[in-house]
Amino acid sequence: MNFQWYPGHMMKAKRMMQENMKLIDLVIELTDARIPLSSRNPDIDELGRNKARLVLLNKSDLADDRCSDAWVEYFCRTGCSAVKVNSKKGGGIKSIQTAIQDACREKFERDRKRGILNRPVRAMVVGIPNVGKSTFINALAGKACAKTGNKPGVTKGKQWIRLNKNVELLDTPGILWPKFEDQEVGLRLAFIGSIRDDILNSEELAIEFIRFMKERYFGILSGKYGIDESGDLYSCLRSIAESRHCLSRGSELDTEKAAGILLDDFRNGRLGRLTLEYPPQM
Ligand code: G4P
């Protein structure tokens, strides 16, 4: 399978990011809790050099909680603050303010030494497409927030959302481009639906997903679809098609439809809370 993110898009995203970095103190980086490494772009370490860093494991409602705790520990050890969140339902959002203060402790200390008091932290949300940036900003900002900047008659500038007297958030998130160099990374991104399905072969993807499930979560597919999981990968997909009555032209098994059902069930949490990659200490 061949995944594409056009170099033109990438350069534009990078340029925007570099410009916005000059304006902020804190990078709030969203990752997908099911694939916390594959959903990052390691270039953020270079782009966000000298900035305070907060890593969020978003969509933690879909991930294995024990793994998410281990990932929080992992990121903390690399010098970032980290928090599990569910932006859709608001879980973990309350702890963000404290996490922001924690992540910016050194900045506050520097300001204090220079005699600067009460300067709000300026933050930007970044992440790859579909990781939940807009949902998170809405959950964090809620309705009560006031927008600042871009007032009529004033030179067009950036829009900042004032979260409280201590924190201002850039209202447009920074888009990071996914890194597909490693085939495994590309596959995991495709599993969670971060790559448009119409450019992928869904049956091939489902076969790879079944391979993964048999290796890491043996028993879940048989529990969900009542199939015998011990057969080869394609026969598992056929069994899912049978169990879900996916038929085409009257009586032939429609494995493409079954592939769609399987991936959709996973993406919507109907196979349970699953994490696709583990931190090194696990
Ligand atoms: P982006 O700005 O980073 O591109 O992502 P966006 O906020 O648009 O979110 C992408 C999808 O992820 C949305 O689903 C959104 O609802 C979902 N999402 C965001 N945060 C969470 C979370 O913490 N948990 C879960 N389960 N889902 C989350 P969608 O299918 O595009 O829309 P809809 O399902 O909300 O209608």
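All of (1) modelled with pLDDT under 95; (2) within 13 Å of the ligand (Cβ to nearest atom) hold for THR31 with one exception: (1). Does any residue of the range 218-226 turn out to be without any contact (Cβ under 8 Å) to a residue 24 or more places away in the chain, in contact with a strand residue (DSSP E or B) (Cβ under 8 Å, 6 or more places away or on another chain) and open to solvent by less than 50 Å² (accessible area, probe 1.4 Å)? There is no residue in the range 218-226 that is without any contact (Cβ under 8 Å) to a residue 24 or more places away in the chain, in contact with a strand residue (DSSP E or B) (Cβ under 8 Å, 6 or more places away or on another chain) and open to solvent by less than 50 Å² (accessible area, probe 1.4 Å). For the range 228-260, the candidate set comprises residues that are of a type in the set (A, V, I, L, M) and buried (at least 20 other Cβ atoms within 10 Å of the Cβ); within that set, the residue that is nearest to THR78 (Cα to Cα) is ALA259.
Of the candidates PRO42, PRO36, the single residue that is open to solvent by less than 10 Å² (accessible area, probe 1.4 Å) and either touching a Phe, Trp or Tyr at 6+ places or on another chain (Cβ under 9 Å) or closer than 30 Å to ASP64 by Cα (or both) is PRO36. Taking the numbered list (1) in contact (Cβ under 8 Å) with a residue 24 or more places away in the chain; (2) within 16 Å of the ligand (Cβ to nearest atom) in turn, VAL72 passes all entries but (1). Among the residues of the range 190-199, the one identified as over 20 Å from the mean Cα position of the chain (by Cα) and not acidic (Asp, Glu) is ILE199. The set of residues in the range 231-271 being in contact with a Cys (Cβ under 9 Å, 6 or more places away or on another chain) and part of a loop (DSSP other than H, G, I, E, B) consists of ASP254 alone. Summed over the range 81-97, the residues that are closer than 19 Å to ILE24 by Cα and either free of Cβ contacts under 8 Å to residues at least 40 places away in the same chain or open to solvent by 70 Å² or more (accessible area, probe 1.4 Å) (or both) give a count of 2.
Scanning the range 97-142 for residues that are over 18 Å from the mean Cα position of the chain (by Cα), in a helix (DSSP H, G or I) and basic (Lys, Arg) yields ARG105, LYS107, ARG110, ARG112, LYS113. Under the condition of being closer than 24 Å to ASN201 by Cβ and of a type in the set (Val, Ile, Thr), the residues counted in the range 256-281 number 1.
When each of ILE128, ILE100 is tested for being within 16 Å of the ligand (Cβ to nearest atom), assigned by TED's automatic domain parsing to the domain that holds ASN20 and either open to solvent by less than 20 Å² (accessible area, probe 1.4 Å) or at positive phi (or both), the lone residue that passes is ILE128.
To keep it simple, each residue is scored yes or no on (1) at pLDDT 85 or above; (2) part of a loop (DSSP other than H, G, I, E, B).
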position	(1), (2)
GLY153	no, yes
LYS158	no, yes
LYS179	no, yes
VAL185	yes, no
ARG188	yes, no
SER194	yes, yes
ASP198	no, no
ARG211	yes, no
LYS214	yes, no
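Of the listed requirements (1) modelled with pLDDT of 90 or more; (2) part of a helix (DSSP H, G or I); (3) open to solvent by less than 60 Å² (accessible area, probe 1.4 Å), ASP69 misses just one: (3). Among the residues of the range 46-66, those identified as open to solvent by less than 30 Å² (accessible area, probe 1.4 Å), outside any strand (DSSP E or B) and more than 9 Å from the ligand (Cβ to nearest atom) are LEU47, GLY48, ALA63.
The values are calculated or read from the model by the stated rules, or taken from the named source; none is laboratory data. Treat the numbers as computed from the prediction; the structure is a model and nothing was measured. No Cβ is skipped: glycine too gets one built from the backbone with ideal geometry, and neighbour counts run over all protein chains shown. Just the protein is used for accessible areas: all its heavy atoms, side chains included, with ligands, DNA and RNA removed. Shrake-Rupley method; radii C 1.70, N 1.55, O 1.52, S 1.80 Å.
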